[in-house]
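K.L.:
Sending over a structure as structure tokens; questions will come in a sec.
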Amino acid sequence: MSAGHSNPSPAVGHAVLADRVFDGHGWRAEAAVLIREGRIVGVDHSSAVPADWPLQRLPAGTFLAPGFIDLQVNGGGGVLLNDQPTADGMRAIARAHRRFGTTACLPTLISDTRETMRAAIAVARSTAGRDGILGLHLEGPFISPRRYGVHRPDRVAQAAAGDLEDLCQLAGAGASLVTLAPECVPAGFVRTLASSGVRVSIGHSEASAAVVMQAAEDGASGVTHLFNAMPPMSAREPGIAGAALADVRLTAGLIVDGIHVDPVSVRVAFAAKGADSIALVTDAMPTVGAELDQFELMGRTVRLANGRLATEQGTLAGAHLDMASAVRNAVRLAGLPLEQALRAASLTPARFLGLEQERGVLVAGARADLVALNGDLAALATWVDGIAGEPNAQ
């Protein structure tokens, strides 16, 4: 497929035609996505394409869908955000994931020093909204010292005077997100942060269901990597997992790599909440889009073996996962309908960030961010603001 062809002048409309188009809600057969000046004019039958518009027909068996949106991506292309909390670092991560269908993401900083956190916030304020960078995801440092996972325990912090003010700066950094443990921050912390316009997600926590629901009442709207870095749900202690499955106010991120969450648990989550409240995330590390089998994570060596990233002690250290693979795993390992997997990779995260009019759908007025996938659910090409990128050679 010639996805790297010269793009038309932005003043002239063009169209991309496929056997099928998933617009975020349903399927269109033999449909063309009409694009002008970076926006979608409409999705219609090929006969509706204006005669003077260039038309690109995709190969048989290929379909179009909204570009994927990743809420949790620590690295890619050999870059770890904690090592390079810079505009170039964020752009490199977004660029590495684009070849796998991700047209927008939240580069993610795991628990680090306050100096590094402030640097990442400042960079996000200057880069959000460009180059596929929606904002910043701060995963920590205000998390439970009992559920730190692969985060360095000496980087886990108690919220102190000034921290809330720092985090509220993310309100000026596009659609940004903070993962925290609600039981580990002062009263009013979640409410103030959420009221400022920053999304709050619950994760790396031992909060009870009651504490989770109070956090939701205070404005928290997400749960970070459901089932991971939290106590298991039980009959009398539903905890975070139970509250997440039961509370419609919470959108849950889910790592579907076949390692972090058993496929049966994936089906449980979708059965309880539906694709409109589950967002596929990668939790990706620098190995994605790079020829790496190991990297350094804040002084510890992480090795890749059989698709699994782990420290020498055996602790899972993020995921070697891209969004196209997450969609494919949701369908093939967990047995989910394709449209549910596609929605969980695009419209649901867009809605969680309040961007559902702009992203995650192929409708008139939305950004022309698309992905082309083949019958094996491999990403063949992407378009961002209607501009085609290079095809994925893998």
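K.L.:
Give the stretch 306-322 a look and list any residue that's surrounded by 24 or more Cβ atoms within 10 Å (Cβ to Cβ) and not in a loop (DSSP other than H, G, I, E, B), or say none.
P.N.:
Leu309, Ala319 - these are the residues of the stretch 306-322 that are surrounded by 24 or more Cβ atoms within 10 Å (Cβ to Cβ) and not in a loop (DSSP other than H, G, I, E, B).
K.L.:
Going through Leu292, Leu342, Leu304 one at a time, which residue ends up being aliphatic (A, V, I, L, M), assigned by TED's automatic domain parsing to the domain that holds Thr108, farther than 26 Å from Ala215 by Cα and in contact with a Ser or Thr (Cβ under 6 Å, 6 or more places away or on another chain)?
P.N.:
That would be Leu304, the only listed residue that is aliphatic (A, V, I, L, M), assigned by TED's automatic domain parsing to the domain that holds Thr108, farther than 26 Å from Ala215 by Cα and in contact with a Ser or Thr (Cβ under 6 Å, 6 or more places away or on another chain).
K.L.:
Would you please name the residue that is farthest from Ser176 (Cα to Cα), looking only at residues in the stretch 143-154 that are surrounded by fewer than 24 Cβ atoms within 10 Å (Cβ to Cβ) and touching a helix residue (DSSP H, G or I) at 6+ places or on another chain (Cβ under 7 Å)?
P.N.:
Among them, the one singled out is Pro145.
K.L.:
Next up: Need a quick list: helices (runs of 4 or more DSSP H) entirely within the stretch 156-244 having at least 1 residues that are basic (Lys, Arg), farther than 28 Å from Leu321 by Cα and touching a helix residue (DSSP H, G or I) at 6+ places or on another chain (Cβ under 9 Å).
P.N.:
Filter on the stretch 156-244 gives 189-195.
K.L.:
Val268: assigned by TED's automatic domain parsing to the domain that holds His204 and closer than 27 Å to Glu356 by Cα, yes or no?
P.N.:
So Val268 fits the description; yes.
K.L.:
Please specify each residue of the stretch 82-101 satisfying the condition of being part of a loop (DSSP other than H, G, I, E, B) and either under 17 Å from the mean Cα position of the chain (by Cα) or at pLDDT below 95 (or both).
P.N.:
Listed by number, the residues that qualify are Arg99, Phe100, Gly101.
K.L.:
Quick check on my filter: what residues within the stretch 259-292 are part of a helix (DSSP H, G or I) and not small (Gly, Ala, Ser)?
P.N.:
Pro263, Val264, Val266, Arg267, Val268, Phe270, Lys273
K.L.:
A further question on this structure: So is Val178 among the β-branched types (Val, Ile, Thr), more than 22 Å from Gly75 (Cβ to Cβ) and either modelled with pLDDT of 95 or more or outside the structural domain of Arg343 (by TED's automatic domain parsing) (or both) or not?
P.N.:
No, not satisfied.
K.L.:
Starting from the stretch 259-283, take each residue that is touching a residue at least 12 places away in the same chain (Cβ under 8 Å) and list its partners that are surrounded by fewer than 23 Cβ atoms within 10 Å (Cβ to Cβ) and of a type in the set (Lys, Arg), counting only C-beta distances under 8 angstrom and pairs at least six apart or across chains.
P.N.:
These pairs meet every condition: Ile259/Arg308; Asp276/Arg351.
The values are calculated or read from the model by the stated rules, or taken from the named source; none is laboratory data. Remember, it's a predicted structure, so these values are computed and weren't measured experimentally. Don't worry about glycine lacking a Cβ; one is built from the backbone with ideal geometry, like all the others, and counts go over all protein chains shown.
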